[in-house]
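Student: This is the structure, below, for whatever I ask next.
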Amino acid sequence: MNQHTNPDREARNILVANDRGGYTIPTEGLYPYQWNWDSAIAALGFAEFDIDRAWVELETLFSGQWDDGMVPHILFHKQDDGYYPGPDVWGGHGPIPSSGIIQPPVAATVARKIWEKDGDAGADRVRALFPSLLAWHRWIMKWRLDEHGAVCTTHPWEAGRDNAPDWDKAMEGVDPTGVGDYQRRDTSHVNSADRPTKYDYDRYIKLVQIGCQADWDQQKLLSLNHFRVADPTMTFITLRAARDLQEISERLGIAADELSSDIQRLEAGARSLWNETLSSFDSRDALTGDWAGSISNASYLCWFGGLDSQHMLERLRATLAKVPFPVPSYDPAMPNFDQRRYWRGPTWGFMNMLIGFGLADMGHLEEAEALRQKTSQLIATNGFAEYYDPLTGSPAGGNSFTWTAAVWLHWAGRN
C-alpha cells in the first residue's frame, strides 16, 4: 500500500472479497474456512458499513455450536482438500463439520459493541444470540478452569497464539510418536521462516489425534491430554466476556445470576497469573505449576479484562518508546524472541486493538491513543498483512487479511 491508495476502501474490499456468504475466511488460499476469533473481529469491521452483515457473521459462527455449548475454533463449511488438518482428521460432532477445540471467546464482547453501535437494529439479534453466548461461557467455566480460576488452553491453537514461547515447556511433554505423515498448507503459501516449525506442528497434530481418539469427551481429556496451560489470552478475554454478558443480560432483563460469581472467580484466576519474578502476567502449566517465563502481547490484555496494573502500564510505556512497531507478541529482550516467526515476536493489529480497548476503558487514554496511532501507521505503510515485524514493520504471513482490515475500519484508521 502507498499513499495514493484509499485504505478505508481497500479494507472494505478485503472484507467483501473474503466473504463466503454469511462468514468470512481470514485470507484466500492460506485459511479457507471460518475461524472463531477471526470471525468475531471481522464482525467489528462489517459493523462500520453493514450492520446486518456484522450480525450474520456472529450468527453463522454460533450455527456451529455443539450441543454441550462448545463453539469450535474452525467451522468447515465447505470441503477444501488442500487444508490440513481437515474435518476428517478432527472428527468433530457439531451440526457443521468442525474442529474439537475452541478459541478465546471474544464474540461476547463484539456482540455488545455491535449492539451499542446500533441499539435498535441489534436488540432482537443480541436477544436471540444471548443464550448461545451464555452456553459457551458456561462450557468454558466447566471445562477450562484451573484450581485458581484461570482459564486454560488444551492446545496451542486454542489460545490462538499457536507457537508462542508460553507453550514451549508444556509441549516438551507431548510425545509425537506415531503422528504419521501429513502435508502442511501454510508453508506452501507463505515463507516457512514466518511459520511454526515441524517440531511444533508434529505436537499440534498429536494433540488433535488424542482429542479425536477420546471423541472430544472433555472428562476423558482431563486425564489423556498432558497439555494444559493457564494463559492470559484465554483468562482475560473470558473475564471480559463475562462482564459483557452480564451487561447484556441486565439490559435485556434476562436473568444470568451466576455471572457475578463467575466474574469474581475469573478475576482471582487472572490475578493468579501474575509472575512476581517477571513482573508481568505470564502463562502457567496447570499440571506442574511451572511458569512459562513469557512476557507476551497477551500479558497486556489485563486492562481488556478489567484489571489495572501500574507495572504493566510502565512496561507498555517502555515498549511504546523502544519498539518501533509495538506491541510485539513476545518481548524482544527475552531469549526466544524471533521477529518474524508467527507468535514469537511479530506484532498483530487485532491484539493491539484489544489492548487499546482495555487501556481506553480503564482511563489510560494517552497510551491507548499512542498505540492506535502506531498501529494505524503500521497498516497504512505496510498493507493489510496477517502480522508484522515489530522492528522493521515489514509485513509477514498472509496478505489481504480479514481481521487486519477490520481493525483498520473499526479502530486503527479512525481519526
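Student: Going out from 0 in 5 Å bins, what whole percent of all Cα-Cα distances in segment 295-385 drops into each bin?
Tutor: With 5 Å bins starting at 0, P(r) equals 3, 15, 28, 27, 18, 8, 2.
Student: Let me ask something else about it. Would you work out what percent of the accessible area of segment 279-368, with all protein chains in place, is carbon or sulfur (probe 1.4 Å)?
Tutor: Of the solvent-accessible surface of segment 279-368, carbon and sulfur hold 49 percent.
Student: Another one. What is the dipole size for segment 106-214, taken about its Cα centre, with +1 at each Lys and Arg Cβ and -1 at each Asp and Glu Cβ, in debye to the nearest 20?
Tutor: Numbers: 16 positive and 17 negative charges, 71 e Å.
That gives segment 106-214 a dipole magnitude of about 340 debye.
Student: Counting each pair of different Cα atoms once, what's the Kirkwood radius of segment 343-385 in Å, rounded to one decimal?
Tutor: The Cα-based Kirkwood calculation yields 10.8 Å.
Student: Out of every Cα pair in segment 161-216, what percent are spaced more than 19 Å from each other?
Tutor: Of all Cα-Cα pairs in segment 161-216, 33 percent lie more than 19 Å apart.
Student: Need one number: convex hull volume per residue for segment 1-79, Cα atoms only, in Å³.
Tutor: So the per-residue hull volume is 93 Å³.
Student: Oh, and also: If you count only protein heavy atoms with a 1.4 Å probe, what accessible area per residue comes out for the chain, rounded to a whole Å²?
Tutor: Accessible area per residue: 37 Å².
Student: Rg (Å, one decimal) plus Dmax (Å, integer) for the alpha carbons of segment 114-211?
Tutor: Values for segment 114-211 (Cα only, Rg and Dmax): 18.7, 55 Å.
Student: Then there's this: Testing the spin-label approximation: label points 7 Å from Cα along Cα→Cβ at HIS93 and GLU10. State their distance in nm.
Tutor: It works out to 4.7 nm between the two label points.
Student: For the pair ALA193 and SER223, how long in nm is the line joining their label points, each one 7 Å along Cα→Cβ?
Tutor: 4.8 nm
Student: Can you work out D for segment 223-362 in µm² s⁻¹ from Stokes-Einstein, where Rh is the Kirkwood radius over C-alpha pairs, the temperature is 20 °C and the viscosity is 1.002 mPa s?
Tutor: For the chosen part, D equals 134 µm²/s.
Student: Something else now. Quick one: pull the percent of accessible area on segment 98-248 belonging to carbon and sulfur, 1.4 Å probe, ligands and nucleic acids left out.
Tutor: With neighbouring chains kept in place, the figure for segment 98-248 is 46 percent.
Student: I've got another one for you. Where in segment 48-86 does the label zone of ASP124 land, with the point 7 angstrom along Cα→C-beta and an amide N cut-off under 15 Å?
Tutor: 52-53, 55-56
Student: Taking all protein chains in place and a 1.4 Å probe, what share, in percent, of the accessible surface of segment 15-96 do carbon and sulfur account for?
Tutor: Numbers: 1220 of 2580 Å².
For segment 15-96, the apolar C and S fraction of the accessible surface comes to 47 percent.
Student: Where in segment 332-372 does the label zone of GLU116 land, with the point 7 angstrom along Cα→C-beta and an amide N cut-off under 19 Å?
Tutor: 350-372
Student: Amide H to amide H under 5 Å from TYR387: which residues, 5+ apart in sequence or cross-chain, H placed 1.01 Å off N in plane?
Tutor: Residues meeting the amide H criterion: ALA396, GLY398.
Student: Counting other Cβ atoms within 10 Å, keep those with at most 16, restrict to DSSP loop, and tell me which GluC sites (Glu not before Pro) in segment 220-328 are left.
Tutor: Here the GluC sites (Glu not before Pro) that fit, given the DSSP loop and packing criteria, are GLU276.
Student: Looking at the chain as a GNM with Cα springs under 10 Å, which of ASN191, ASN36, ASN163 has the largest mean-square fluctuation?
Tutor: It is ASN191.
Student: Any of LYS117/LYS322; LYS78/LYS113; LYS142/LYS169; LYS117/LYS374; LYS142/LYS322 with alpha carbons more than 32 Å apart? Name them for me.
Tutor: LYS117/LYS322; LYS142/LYS322
Student: Another question, then. Kindly write out, for segment 273-280 in residue order, the coupling ³J(HN,Hα) from the Karplus curve 6.51 cos²θ - 1.76 cosθ + 1.60 (θ = phi - 60°), rounded to whole Hz, with x marking Gly and Pro.
Tutor: Couplings: 8, 7, 9, 4, 4, 8, 6, 7 Hz.
Student: From the backbone phi of segment 130-137, what are the Karplus-calculated ³J(HN,Hα) couplings (6.51 cos²θ - 1.76 cosθ + 1.60, θ = phi - 60°) in whole Hz, Gly and Pro given as x?
Tutor: After applying 6.51 cos²θ - 1.76 cosθ + 1.60, I find 4, x, 5, 4, 5, 5, 5, 4 Hz.
Student: R0 = 25 Å: FRET efficiency of GLU147 with GLN79, Cβ-based, nearest 0.05? All intermediate terms of the calculation are to be shown ahead of the outcome.
Tutor: Working: r = 41 Å, r/R0 = 1.65.
Calculated transfer efficiency: 0.05.
Student: May I pose another question? List the residues whose amide H sits under 5 Å from the amide H of THR153, counting only those 5 or more places along or on another chain, with H placed 1.01 Å from N in the peptide plane.
Tutor: Placed amide hydrogens put VAL229, ALA230, ASP231 under 5 Å from THR153.
Student: How large is ³J(HN,Hα) for each residue in segment 99-108, as worked out from phi by the Karplus curve 6.51 cos²θ - 1.76 cosθ + 1.60 (θ = phi - 60°), to whole Hz, x for Gly and Pro?
Tutor: In residue order, the calculated couplings are 6, x, 10, 9, 9, x, x, 6, 4, 5 Hz.
Student: Something else about it: For a quick check of your reading of the filter: which GluC sites (Glu not before Pro) in segment 341-415 sit in a DSSP loop and have no more than 10 other Cβ atoms within 10 Å?
Tutor: For GluC sites (Glu not before Pro) across segment 341-415 that sit outside H, G, I, E and B with at most 10 neighbouring Cβ atoms in 10 Å, the list is empty.
Student: May I pose another question? Taking the Cα atoms of segment 134-286 alone, what are Rg (to one decimal) and Dmax (as a whole number) in Å?
Tutor: In order Rg, Dmax, the Cα atoms of segment 134-286 give 17.4, 53 Å.
Student: Cα centroid distance between segment 289-314 and segment 249-266, in Å?
Tutor: Their Cα centres are 25 Å away from one another.
Student: Diagonalise the Cα gyration tensor of the chain and give the resulting equivalent ellipsoid semi-axes, square root of 5 times each eigenvalue, largest first, whole Å.
Tutor: 27, 25, 24
The values are calculated or read from the model by the stated rules, or taken from the named source; none is laboratory data. On a predicted model such as this, the values are computed, not experimentally measured, just so you know. Neighbour counts are summed over all protein chains in view; Cβ atoms, including those assigned to glycine, are modelled from backbone coordinates with ideal geometry. When the accessible area is computed, the model is the full protein with side chains, heavy atoms only, and any ligands, DNA or RNA have been set aside. Shrake-Rupley method; radii C 1.70, N 1.55, O 1.52, S 1.80 Å.
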